[in-house]
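Bear in mind these aren't lab numbers, they're just calculated from the coordinates by the rules spelled out. Remember, it's a predicted structure, so these values are computed and weren't measured experimentally. In this analysis, Cβ positions are derived from the backbone assuming ideal geometry, glycine residues included, and neighbour counts consider all displayed protein chains.
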Amino acid sequence: MHLSVKGVSKSFGKGRDSKLVLDDINLEINSGEFVALVGSSGSGKSTVMRLIAGLEQPSSGTIHMDDRLVRGPGPDRGMVFQKYSLYPWLSAADNVAFGMRLQGRNKRDVKERTAYFLEVVGLQDSASRFPRQLSGGMQQRVAIARALAADPKVVLLDEPFGALDLQIRESMQEFLYQLWERSGLTALLITHDLEEALLMAQRVHIMAPRPGRVVRTVAANLDRGNLSALRMERSFLELREDLAGCLRGLDQDPAALAARSLASTTGSSSSG
Amino acid sequence: MSLRRRLDQPWLLGLVGVLTLLLLWQVVASLRVVDPLFLPSPAEVLGAGAEQYQEGVLVNDALASIGRVLGGYALSIVVSLPLGIAMGSNRLVCQLLEPLLGLIRYMPAPAFIPLLIIYFGLGELPKVLLIFIGTLFFNTLMIMDAVKFVPSELLESALTMGGRGLQITTRVVAPFIAPQVLDAYRINMAAAWNLVIVAELVAANEGLGKRISLAQRFLRTDEIFVGLIAIGLIGLLIDLGFRLVMRRSCRWAI
């Protein structure tokens, strides 16, 4: 599996109202890698993911999946959304089976894989419960199981834990990392949380806003034997602080931003 | 507090309301403050109802009206579902049809009666079509709205798992909108009942509406009351039927 994003730009709107949200994005993801995209809100990181998923089309540039141009959504690129996207009328098991049934897998296969992936996310006892009977963390685990059961080549995770409480988020991060380690899946994680990205990803891209672009890429080759200890380790904290400083520098403070927009309305600014 | 809790049961207070009205009616009627010609007592109405029932008129009328309602409304259900889904999920279809439906919706359905009589005569067809016309647009627009509010995450999740066109409609859109569609059908059923009575007032040989207009001619207010109560009770039963179907089939949404 090889996913490559080459020179991708994206604008929304037409003519004078058109707004450039992504400028010249380049990314590569290979089989078995865990890559993260970190940026503040407005950096267009979710748009990158939607482009890769095929839910939006780039304005320019190309996205290739194994040398095939991405033209639309497909089961080779699974996705986990931030907001709970489970089907409320289906039990946890039927949610997990949903993608496999869409693809027309045979019944026995569906049944076995559903049981297997529910067990992978530790929810075999909740198979018959409905989404509203599950906690937020459990719902996201079902969503992850559902995405994996559909057998994608790469899983796109769009702030998967963004809506969860801090304690649950930490245990979910450890869960996801262990899952990746065990199953050898390929993952692209979108997050605004640097710690989350550094804990799990081997490569972290930092994105800057207005227009969204990748400003820095770091290889995070850390010893991930014990994630909760890693959170406190000095090298980890230093790397995190370094990148946090980089992110802070990108987010101009509101006063500077106001001054700049004032300048542009008087016609002295020509930059886009 | 405990009294309040004891009263807080789904049926109890509703029953109290109905019984209070009946009691009030009985009191006013027995005091003879209103001419009995205008306000018959509950007992008289019950008597008239029993008489109609024994003659077989009541059941006959009810079946005639119910048949028209079910015929016209079934047609409306069958046409509005695909139309509403198509309008809700395809922007071009919506742009093509929404102004048209919005316009026709504001034309009062009873105003179509003369036209329907000219086209189709005095038989069953114009009555069934009136109910169809009078409920189709409301049903369609309510279904369209329900489709437009299907969360995009649900659609996009299916797309990223390999879902295609019709699969998305049958496996995501349809189950998601089912509760709202059932509710729309239940609410607009009331309009179907209004229309069947209006149609029968204009031209019919039997039916609850026809019986009411005949009763008016002979100043039989007790029979008018029988007709009104019968219409109300049948409507209530249909409403409860829809609620039952909803509770059985859309447990997740309640």
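Within region B:188-213, can you find the residues that are of a type outside the set (S, T, N, Q) and free of Cβ contacts under 8 Å to residues at least 24 places away in the same chain?
Scanning region B:188-213 gives B:Leu201, B:Ile212.
For the structure I just gave you, tell me whether B:Gly123 is within 16 Å of B:Ser65 (Cβ to Cβ) and either within 14 Å of chain A (Cβ to nearest Cβ) or not charged (D, E, K, R) (or both).
Considered against the rule, which asks whether it is within 16 Å of B:Ser65 (Cβ to Cβ) and either within 14 Å of chain A (Cβ to nearest Cβ) or not charged (D, E, K, R) (or both), B:Gly123 comes out as yes.
Every residue, every condition in (1) more than 14 Å from chain B (Cβ to nearest Cβ); (2) more than 23 Å from A:Thr186 (Cα to Cα), yes or no:
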{"position": "A:Phe117", "(1), (2)": "no, no"}
{"position": "A:Val121", "(1), (2)": "yes, no"}
{"position": "A:Ser126", "(1), (2)": "yes, yes"}
{"position": "A:Gly137", "(1), (2)": "yes, no"}
{"position": "A:Ala149", "(1), (2)": "no, no"}
{"position": "A:Val155", "(1), (2)": "no, no"}
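Would you call A:Arg71 charged (D, E, K, R), away from chain B (no Cβ under 11 Å), on the phi < 0 side of the Ramachandran plot and assigned to a loop (DSSP other than H, G, I, E, B)?
Yes, satisfied.
So which of B:Ala178, B:Ala184 is buried (at least 22 other Cβ atoms within 10 Å of the Cβ) and either touching a Cys at 6+ places or on another chain (Cβ under 6 Å) or among the hydrophobic types (A, V, I, L, M, F, W, C) (or both)?
Answer to the selection: B:Ala184.
Which residues, taken from region A:80-95, are farther than 17 Å from B:Ala253 by Cα and either of a type outside the set (A, V, I, L, M, F, W, C) or facing chain B (nearest Cβ under 9 Å) (or both)?
Correct list: A:Val80, A:Phe81, A:Gln82, A:Lys83.
Answer yes if at least one residue in region A:32-46 is among the β-branched types (Val, Ile, Thr) and either assigned to a loop (DSSP other than H, G, I, E, B) or away from chain B (no Cβ under 14 Å) (or both), and no otherwise.
Yes: region A:32-46 contains one or more residues that are among the β-branched types (Val, Ile, Thr) and either assigned to a loop (DSSP other than H, G, I, E, B) or away from chain B (no Cβ under 14 Å) (or both).
Looking only at residues in region A:47-60 that are more than 14 Å from chain B (Cβ to nearest Cβ) and either out of contact with any helix residue (DSSP H, G or I) (no Cβ under 8 Å at 6 or more places or on another chain) or of a type in the set (S, T, N, Q) (or both), which one is surrounded by the most Cβ atoms within 10 Å (Cβ to Cβ)?
Restricting to residues being more than 14 Å from chain B (Cβ to nearest Cβ) and either out of contact with any helix residue (DSSP H, G or I) (no Cβ under 8 Å at 6 or more places or on another chain) or of a type in the set (S, T, N, Q) (or both), the top hit is A:Val48.
Yes/no per residue for (1) closer than 30 Å to A:Lys45 by Cβ; (2) charged (D, E, K, R); (3) not in a loop (DSSP other than H, G, I, E, B):
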| site | (1), (2), (3) |
| --- | --- |
| A:Gly78 | yes, no, yes |
| A:Asp94 | no, yes, yes |
| A:Arg101 | no, yes, yes |
| A:Arg105 | no, yes, no |
| A:Arg113 | no, yes, yes |
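Which condition breaks for B:Leu129 when tested against (1) in contact with a Gly (Cβ under 9 Å, 6 or more places away or on another chain); (2) away from chain A (no Cβ under 14 Å); (3) in contact (Cβ under 8 Å) with a residue 60 or more places away in the chain; (4) not aromatic (Phe, Trp, Tyr)?
The failed condition is (3).
So which residues in region B:157-204 are within 14 Å of chain A (Cβ to nearest Cβ) and among the aromatic types (Phe, Trp, Tyr), if there are any at all?
B:Phe176
Condition (residue is surrounded by fewer than 12 Cβ atoms within 10 Å (Cβ to Cβ), part of a helix (DSSP H, G or I) and in contact with a helix residue (DSSP H, G or I) (Cβ under 7 Å, 6 or more places away or on another chain)) applied to region B:32-49: is it met by at least one residue?
Within region B:32-49, not a single residue is surrounded by fewer than 12 Cβ atoms within 10 Å (Cβ to Cβ), part of a helix (DSSP H, G or I) and in contact with a helix residue (DSSP H, G or I) (Cβ under 7 Å, 6 or more places away or on another chain).
Given the condition surrounded by fewer than 18 Cβ atoms within 10 Å (Cβ to Cβ) and at positive phi, answer yes or no: does some residue in region B:87-95 qualify?
no
A:Ser91 versus (1) in contact (Cβ under 8 Å) with a residue 40 or more places away in the chain; (2) in contact with a Ser or Thr (Cβ under 7 Å, 6 or more places away or on another chain): which is the lone unmet condition?
If we test A:Ser91 against (1) in contact (Cβ under 8 Å) with a residue 40 or more places away in the chain; (2) in contact with a Ser or Thr (Cβ under 7 Å, 6 or more places away or on another chain), just (1) comes out false.
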